[in-house]
There are 8 protein chains.
Amino acid sequence: MMLNVYLSGEIHTDWRDEIIAGAEGLGVTFSAPVTDHDASDDCGVAIMGEEPNKFWHDNKGAKLNAIRTRTAIEAADIVVVRFGEKYRQWNAAFDAGYAAALGKSLVVMHGPDHQHALKEVDAAALAVTETPEQVVQILRYVLSGELPK
Amino acid sequence: MMLNVYLSGEIHTDWRDEIIAGAEGLGVTFSAPVTDHDASDDCGVAIMGEEPNKFWHDNKGAKLNAIRTRTAIEAADIVVVRFGEKYRQWNAAFDAGYAAALGKSLVVMHGPDHQHALKEVDAAALAVTETPEQVVQILRYVLSGELPK
Amino acid sequence: MMLNVYLSGEIHTDWRDEIIAGAEGLGVTFSAPVTDHDASDDCGVAIMGEEPNKFWHDNKGAKLNAIRTRTAIEAADIVVVRFGEKYRQWNAAFDAGYAAALGKSLVVMHGPDHQHALKEVDAAALAVTETPEQVVQILRYVLSGELPK
Amino acid sequence: MMLNVYLSGEIHTDWRDEIIAGAEGLGVTFSAPVTDHDASDDCGVAIMGEEPNKFWHDNKGAKLNAIRTRTAIEAADIVVVRFGEKYRQWNAAFDAGYAAALGKSLVVMHGPDHQHALKEVDAAALAVTETPEQVVQILRYVLSGELPK
Amino acid sequence: MMLNVYLSGEIHTDWRDEIIAGAEGLGVTFSAPVTDHDASDDCGVAIMGEEPNKFWHDNKGAKLNAIRTRTAIEAADIVVVRFGEKYRQWNAAFDAGYAAALGKSLVVMHGPDHQHALKEVDAAALAVTETPEQVVQILRYVLSGELPK
Amino acid sequence: MMLNVYLSGEIHTDWRDEIIAGAEGLGVTFSAPVTDHDASDDCGVAIMGEEPNKFWHDNKGAKLNAIRTRTAIEAADIVVVRFGEKYRQWNAAFDAGYAAALGKSLVVMHGPDHQHALKEVDAAALAVTETPEQVVQILRYVLSGELPK
Amino acid sequence: MMLNVYLSGEIHTDWRDEIIAGAEGLGVTFSAPVTDHDASDDCGVAIMGEEPNKFWHDNKGAKLNAIRTRTAIEAADIVVVRFGEKYRQWNAAFDAGYAAALGKSLVVMHGPDHQHALKEVDAAALAVTETPEQVVQILRYVLSGELPK
Amino acid sequence: MMLNVYLSGEIHTDWRDEIIAGAEGLGVTFSAPVTDHDASDDCGVAIMGEEPNKFWHDNKGAKLNAIRTRTAIEAADIVVVRFGEKYRQWNAAFDAGYAAALGKSLVVMHGPDHQHALKEVDAAALAVTETPEQVVQILRYVLSGELPK
């Protein structure tokens, strides 16, 4: 058994690296959005030409990012969505809804402060976690049946 | 041609009533989540028993609300998602993602302040609006081809 | 909003009647398996001819019942599955799995004695109940937002 | 032609090992649930924190196991479900219903005592067997056309 | 519960009329192919112009008939396929395969002479019958739970 | 049997009216895109605000029209696509491809001049016609089995 | 580009070998039913026990063969169905209908004598051929664009 | 992350070669229709026999090409559709609609002259480009997050 895991959401800490490092050797393939914030914002106009209106500037970029995001979510067995402390992160919640509608196994990660606000997202998840270490433990258990000591 | 429209998102203003009133006579059927905030929060424990832990209190309620929400979104032709000025509104973004993955026609409503934060949601939409009146105009045009004067 | 509800599982008490009576006026359409135990066991051979081997006797009947069961589950918005005190009731658990795979809203009903043995079924459900009254309360809440007093 | 086979159900005898050993060299990939009973029961709380209420203890674990179970069933060509002599085994029947709804080839294994109680499950199967050896013979025949001598 | 039943296959006897008459009052909607043999053969060229080559003459007609056939099978809950005594009737077997792949409840009707030749079709069916009366009994049982006396 | 027919393509002649008039009494429901050329071009900016760039002017309108177009195509049993003598009509070919991928019964209408250029579209169709009268004859035949005299 | 091709139908001549030999080096993977007539007839009872009634003897076997057949058809890009000179071959027509409903590319092979009787099957096909050599030419053209000289 | 890209549309310039060369080393697999114009037109009759009527000559060929086209589009993550300066190119628009209905990421390429006529196709796309270089930049960004300098 191999797992293909998409790591969605917050891009300002190194949680993805922690999970990928912790899962080394488990037989997991990871994918993620582009996490370079500036590139992600400007990719549309950088490739397809400037837009004076911020809405279309963002629209071109968001659609381009959607090529990567949707391809990766559709190919994933598990979608992990992390909500950080800051920002609106509506794209993270959007990805969670998208993954849920496709029947993907959803794993959510967030601190206790966001518990009430994320109750609908948590209710769609098969696991609600707080730390990258827990996600690694989940991946290890799902693949090998081995629990943390 | 009849349209079935689900009105998702913000529950603290009367935008749903404005749309429903404005669309009278157009042949549109509307559905929506339970918009009584307290009932929506407490429905799970009110029916299935108290939970000392807030997480499970919310979990029971959110799952119960999901019966209504998912049934209605799956039956809808158009899903309108409104983001208000306040709160995290992750459930609104979750609904938008859920609707997008099912191939529903997505109409988003929000003020200009949220434009950048909602760019991924807007990019999945067939229309981005600011007011209930615009949504009514869209429904009228889609059904009858008639434009506002 | 109308709901189509399939009532699966235990056939030796009148729980279906209680739910149907309690939900009167709510706009719910109900379906159910054939609950006449003898008819359900013998329908296949009664119509398509005797079988000396019990396996094929049962096989003919079970397939005939599947015409009703699957048609009704596929048409349902909500599938309620009740596990009674007695018997193996594997067909109830089979229906629950069938409904879950189709993405139906699953409501489970059983007493506390079966909690551990039904944990996988409960984990797939949007509501876990003990009584017909709770199911009626759920249907009322889902349709009208009204909670029990 | 390669086959991917999921082995669901009873976890107290070594039937999975017998099938896997018997099918060596046939080009079959096997998957299965976690068969360590304690790990399977406690995985949720071991990774995501203790729950004083047994229902939520079990719920956390059952959802975690569902990540493995559903991923594996969805990837399988054939789902073999074995019902042992003891226990309720509702999760086995749930898996059978889940697999049937997804259109998987279902192979059921059980002793003659359970024939009547499992008639609905058997009626959804493409093969009903009693022993691991028969399952191996089926896999060999399906892949190579070779029958037992 | 209402049933939508498609009556496929043999067109030289009045079996469809017998079923429709027998099912009167049961709440069943029936559909069927065009059973006027000449119209069915010539419809393509009658509407869209003559073809000197018999292959294209037939091709135009068969495609036109497919509009009716596929629309009706896709809308059906149950597909009844009757194989008569004469002719190749490959279109009947084609319809059976088409219905099976869509997950429709398949009911087959044929005499004992064709048992071996139809074994793959029968194996995909939920009921194998010999007479229109049996099909009526099945419809009555599926809808009302009532068995023949 | 009722049919839901979507009439796609050319908007400068009254072919839709001819079909609808000819099919009166047959039990056919028709839908179509907005055929007011100016309204169709300008609907986006008329409702959601001006765009200085023609690309976004058109983009807003085309997405709005897609709400109607896709909803109607998805609800249709038959999609009729007419290619007129003039213009590129890429939206007609796009609709044909969209309908084909959804498994809709496709009926194409065009003059002999376009035969070679439309060969891929024609190859996906169940009927290729030249006149509205032929489409009416097809609808009549599909519904009643009656051929033109 | 690789192609996965299922070779369905007639099992009394060596047409499969001719196609496989002719397609050597093209990058095509082939699958087929069990073509040993006796094994195919008796596989069910040989593995799962004798049946005195021929219907169930055949039923057990046909279901076992369906494990192979359906798995292979679902994995195929192209389904080639050959109708020979003799026998009813209803399973071939069933496979054609099954493949058509799944949207597989259907290639039919038969002699001119069967043209009229197979018109519905031919109408669902993307190619109608008479010889294995033509099927090889089709596979070569589809993969490389090379036509026969 | 690997990408499978189908290159649809105009066949008279070397835009496909430019994209394939530019994307070397990125981990992209490309597929395309047969671009030899004569082979593509005549493949049907060359393999399956002459047709005196041009309609059927083209029909045989277009269906044969559809085997390749549909298999490749269904396997693709991204469908790039280029509209050149000349010809009707309805097959390109048909492919775009087909890809859109399957939920593929659509990238359109055309010059500014066709902007208005292609507005519906562009509105379904995640990126609208003018040059092969832009498509390469998109593929590089989607796979690596790297933008052009």
Restricting attention to the stretch G:1-46, report how many residues are of a type outside the set (Gly, Ala, Ser), touching a Ser or Thr at 6+ places or on another chain (Cβ under 8 Å) and within 19 Å of G:Arg68 (Cα to Cα).
-> 9
Can you tell me how many residues in the stretch G:130-149 are part of a loop (DSSP other than H, G, I, E, B), open to solvent by less than 30 Å² (accessible area, probe 1.4 Å) and either within 22 Å of G:Gln115 (Cβ to Cβ) or among the aliphatic types (A, V, I, L, M) (or both)?
-> 0
Within the stretch F:87-103, can one find any residue that is in contact (Cβ under 8 Å) with a residue 40 or more places away in the chain and over 21 Å from H:Asp122 (Cβ atoms)?
-> no
In the stretch E:1-46, what residues are of a type in the set (Phe, Trp, Tyr) and within 30 Å of C:Val5 (Cα to Cα)?
-> E:Tyr6, E:Phe30
Within the stretch B:93-123, restricting attention to residues that are over 15 Å from A:Ala101 (Cα atoms) and in a helix (DSSP H, G or I), which residue is farthest from the other protein chains (Cβ to nearest Cβ)?
-> B:Asp113
Is the stretch H:29-45 home to any residue that is under 30 Å from A:Ser31 (Cβ atoms) and over 13 Å from the mean Cα position of the chain (by Cα)?
-> yes
Is it fair to say C:Ile67 is touching a helix residue (DSSP H, G or I) at 6+ places or on another chain (Cβ under 6 Å) and either at the interface with another protein chain (Cβ under 7 Å from one of its Cβ atoms) or at positive phi (or both)?
-> yes
Hits in the stretch B:43-78 - residues which are open to solvent by less than 10 Å² (accessible area, probe 1.4 Å), in a helix (DSSP H, G or I) and touching a residue at least 60 places away in the same chain (Cβ under 8 Å) = B:Ala72, B:Ile73
Neighbours by Cβ (under 8 Å, 6+ apart or cross-chain): first from the stretch D:124-136, at the interface with chain G (Cβ under 9 Å from one of its Cβ atoms); second of a type in the set (Phe, Trp, Tyr) and in a helix (DSSP H, G or I) | D:Val128/C:Phe55
When every residue in the stretch A:4-42 that is open to solvent by 70 Å² or more (accessible area, probe 1.4 Å) and in a helix (DSSP H, G or I) is compared, the one nearest to the other protein chains (Cβ to nearest Cβ) is A:Asp38
Give me a count of the residues in the stretch G:101-123 that are small (Gly, Ala, Ser) and surrounded by fewer than 20 Cβ atoms within 10 Å (Cβ to Cβ).
-> 3
Determine, yes or no, whether A:Asp41 is among the charged types (D, E, K, R), under 30 Å from B:Asp113 (Cβ atoms) and at pLDDT 95 or above.
-> yes
Return the total of residues in the stretch F:79-92 being more than 7 Å from chain H (Cβ to nearest Cβ), among the basic types (Lys, Arg) and in a loop (DSSP other than H, G, I, E, B).
-> 1
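The values are calculated or read from the model by the stated rules, or taken from the named source; none is laboratory data. Keep in mind the model is a prediction, meaning the values are calculated, not measured. Don't worry about glycine lacking a Cβ; one is built from the backbone with ideal geometry, like all the others, and counts go over all protein chains shown. Only protein heavy atoms, including side chains, enter the accessible area calculation; ligands, DNA and RNA are left aside. Shrake-Rupley method; radii C 1.70, N 1.55, O 1.52, S 1.80 Å.
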